[in-house]
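Visitor: Starting off with a structure, shown below.
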Amino acid sequence: MSKFKKSLVWLRRDLRLYDNAALYHALNESNSVHCAFVFDSNILDELKNKTDQRVEFIWESLFQIKSQLNKFGSDLIVEHGDPRIIIPKLIEVYQCDAMYINKDYEAYANKRDAEIIRKLKIKGFQYKDQVLYEKDEILTQSGTPYTVFTPYKNNYLKRVFFEGITQFDCEALSKNYAKIDPVAMLSLNDLGFKVSNLKDLAIPVGEAGGKLLIEDFKKRIHGYKLKRDFPGTKGVSYLSVHNRFGTVSIRQLAKIALDQPSEGSSVWLSELIWRDFYFQILFNFPHINEGQAFKSQFNNLKFENNPEYFMAWKEGRTGYPIIDAAMRQLNKTGFMHNRLRMVAASFLVKDLLIDWRWGEDYFAEKLIDFDFSANNGGWQWAASTGCDAQPWFRIFNPILQSKKFDAEGQFIKKYVPELNALSANEIHEPWENRKTNTTSSKINLGVDYPMPIVNHSEQRLKALAVYSAKK
């Protein structure tokens with residue numbers, strides 16, 4: 001006999017109907033399950049771009065869920081406003097006696113959820129779903145949180161190999177969805193947004209899109225270690241946005257890596273573990289939510305913060321082709337290759353001497369897969385202010401990175417087409433070839449493409465001085 005007559009599943013970062021922890025428990029423990037999503041006005045009102053790809057990705061994913069539920073004689077309830085007002089109202093309207101959610105670990109969501117659950121007059125249940133191990137589940141022998149990745153990973157792998165991975169069969173319980181008549185879904189325009197370039201970019205969306213990408217990556221996973229660092233090749237999974245919005249299951253992804261052992265799958269599993277690592281850092285060291293460096297001695301580095309340099313970096317016109325290609329990819333597609341995220345971040349902080357928080361905020365605005373914990377962790381890693389970060393005295397050389405990971409200039413030419421006439425030898429540092437007159441007949445440097453706004457060697461010495469003052 002079910003515990004509850006009617007329950008509400010409030011979807012947020014778990015936009016799928018398969019292998020969903022909260023949904024499974026609701027379906028298993030209730031006679032009638034209503035599914036709802038709230039476009040949170042407290043979040044949407046902060047978005048500057050009203051053609052935001054993320055909002056459209058969510059909308060498309062919800063439309064898929066709605067269509068699936070319609071097949072079961074049910075529907076997805078989609079609302080827009082403050083969840084602290086809307087969720088209690090939905091519970092009252094549908095006479096639910098329980099609410100189920102999957103945990104969200106970011107500061108605002110955590111506070112919002114706690115407030116709603118505290119005020120509920122019914123049972124409220126929370127489940128772990130977007131990570132394999134959360135908060136304080138992986139600790140050192142002394143019971144403290146890990147701040148170094150490798151021992152965390154080793155402990156993590158021991159547990160996952162010993163415990164295995166349990167998935168949730170929601171499909172088998174589909175008869176327990178509430179029988180309600182479908183209603184028209186809010187449009188993007190109703191939310192105050194417009195259609196973005198999501199379809200033009202051919203980004204597979206929703207649960208269906210996530211499954212397509214999983215099947216494609218399973219064929220390539222064994223080559224992941226060799227190809228993942230080269231932005232001009234199809235080496236990565238392209239699942240980051242699906243991880244971000246939960247249109248795929250982290251348990252399914254980890255199981256794929258474990259079930260197909262190889263160097264490639266092991267490295268990919270490490271990337272999934274990094275994700276959990278940064279989530280537990282977010283929980284155990286909440287000061288990073290407040291714009292502070294993880295390592296307090298680096299809180300007040302004397303950055304120059306030249307606004308013209310920052311604008312050139314944002315717009316992809318620094319004169320360093322690999323940096324400009326990376327930034328233009330971000331601005332056009334909402335995605336940036338992981339290797340280039342490190343290189344572009346290092347360049348902003350240690351070449352342009354601009355506060356890492358400026359770059360963190362810009363990525364937060366532009367990335368379709370933006371996730372606070374991973375974004376903050378990545379920026380603090382590059383800026384050498386975070387846990388287990390790049391040592392402050394190790395500074396990426398953008399020219400060497402370009403030559404190593406885009407040797408033929410394939411990626412550069414895709415996003416910086418004004419350099420298409422240059423050869424593989426010329427394209428990484430066109431200003432050097434200008435000295436021997438090899439590029440003068442091909443492009444007009446300073447007109448067709450900018451000269452470098454800084455000298456890497458000189459800026460490197462300045463960066464070392466900034467950091468050494470705080471070590």
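The values are calculated or read from the model by the stated rules, or taken from the named source; none is laboratory data. In this text, all values refer to a predicted model and were calculated from it rather than measured experimentally. Cβ: placed from backbone, ideal geometry, glycine included. Neighbour counts: every protein chain shown.
Visitor: Given the conditions (1) under 16 Å from R339 (Cα atoms); (2) free of Cβ contacts under 8 Å to residues at least 12 places away in the same chain; (3) not hydroxyl-bearing (S, T, Y), which single one is not true for Q410?
Guide: All conditions are met except number (2).
Visitor: Could you grab the pairs with beta carbons closer than 9 Å, sequence gap of 6+ or different chains, first residue in the range 68-89 and of a type in the set (D, E), second one part of a helix (DSSP H, G or I) and exposed (fewer than 14 other Cβ atoms within 10 Å of the Cβ)?
Guide: E79/K89; D82/N42
Visitor: If K332 passes every condition in (1) of a type outside the set (A, V, I, L, M, F, W, C); (2) over 26 Å from R394 (Cα atoms); (3) not assigned by TED's automatic domain parsing to the domain that holds K366 but one, which one does it miss?
Guide: (3)
Visitor: Hey, any hits in the range 315-323 for a residue that's surrounded by fewer than 17 Cβ atoms within 10 Å (Cβ to Cβ) and either assigned by TED's automatic domain parsing to the domain that holds L213 or not acidic (D, E) (or both)?
Guide: No - not one qualifying residue is present in the range 315-323.
Visitor: Does any residue of the range 121-130 turn out to be closer than 17 Å to L15 by Cβ and assigned to a strand (DSSP E or B)?
Guide: Checking the range 121-130: at least one residue is closer than 17 Å to L15 by Cβ and assigned to a strand (DSSP E or B).
Visitor: I'd like the residue in the range 1-14 that is more than 21 Å from K111 (Cα to Cα) and in contact with a Phe, Trp or Tyr (Cβ under 9 Å, 6 or more places away or on another chain) and, out of all such residues, is surrounded by the most Cβ atoms within 10 Å (Cβ to Cβ).
Guide: If we take residues in the range 1-14 being more than 21 Å from K111 (Cα to Cα) and in contact with a Phe, Trp or Tyr (Cβ under 9 Å, 6 or more places away or on another chain), then S7 is surrounded by the most Cβ atoms within 10 Å (Cβ to Cβ).
Visitor: Another one. How about the range 331-366: which of its residues are under 23 Å from K225 (Cα atoms) and in a helix (DSSP H, G or I)?
Guide: Within the range 331-366, N338, R339, L340, R341, M342, V343, A344, A345, S346 meet the criteria.
Visitor: Answer yes or no: is there a residue in the range 280-287 that is in contact with a helix residue (DSSP H, G or I) (Cβ under 9 Å, 6 or more places away or on another chain) and either assigned to a loop (DSSP other than H, G, I, E, B) or closer than 15 Å to Q401 by Cβ (or both).
Guide: no
Visitor: Sticking with this one: So, restricting to helices (runs of 4 or more DSSP H) that lie completely within the range 1-117, which ones have at least 2 residues that are more than 30 Å from I288 (Cβ to Cβ)?
Guide: Filter on the range 1-117 gives 21-29, 53-71, 83-93.
Visitor: Criterion first (farther than 16 Å from N243 by Cβ, outside the structural domain of N110 (by TED's automatic domain parsing), crowded, with 21+ Cβ neighbours inside 10 Å and among the aromatic types (F, W, Y)) does W379 satisfy it?
Guide: Spelling it out, W379 is indeed farther than 16 Å from N243 by Cβ, outside the structural domain of N110 (by TED's automatic domain parsing), crowded, with 21+ Cβ neighbours inside 10 Å and among the aromatic types (F, W, Y).
Visitor: Applying the selection to the range 63-109, what residues are over 23 Å from E134 (Cβ atoms), aliphatic (A, V, I, L, M) and surrounded by 20 or more Cβ atoms within 10 Å (Cβ to Cβ)?
Guide: The answer is I65, L69, L76, I77, V78, I86, I91.
Visitor: Would you please name the residue that is surrounded by the fewest Cβ atoms within 10 Å (Cβ to Cβ), looking only at residues in the range 328-357 that are in contact (Cβ under 8 Å) with a residue 60 or more places away in the chain and charged (D, E, K, R)?
Guide: K332
Visitor: If I go through the range 1-46 residue by residue, how many of them are of a type in the set (A, V, I, L, M, F, W, C) and without any contact (Cβ under 8 Å) to a residue 24 or more places away in the chain?
Guide: Residues flagged as of a type in the set (A, V, I, L, M, F, W, C) and without any contact (Cβ under 8 Å) to a residue 24 or more places away in the chain within the range 1-46 amount to 1.
Visitor: Another question, if that's okay. Can you find a residue that is under 21 Å from A26 (Cβ atoms) and either in contact with an Asp or Glu (Cβ under 8 Å, 6 or more places away or on another chain) or part of a loop (DSSP other than H, G, I, E, B) (or both) anywhere in the range 134-142?
Guide: yes
Visitor: So, one more: Can we say K403 is touching a Leu at 6+ places or on another chain (Cβ under 6 Å) and outside the structural domain of N243 (by TED's automatic domain parsing)?
Guide: Spelling it out, it is not the case that K403 is touching a Leu at 6+ places or on another chain (Cβ under 6 Å) and outside the structural domain of N243 (by TED's automatic domain parsing).
Visitor: Related question: Among the residues of the range 222-250, count how many are more than 17 Å from the chain's Cα centre (by Cα) and of a type in the set (D, E, K, R).
Guide: Qualifying residue count, the range 222-250: 4.
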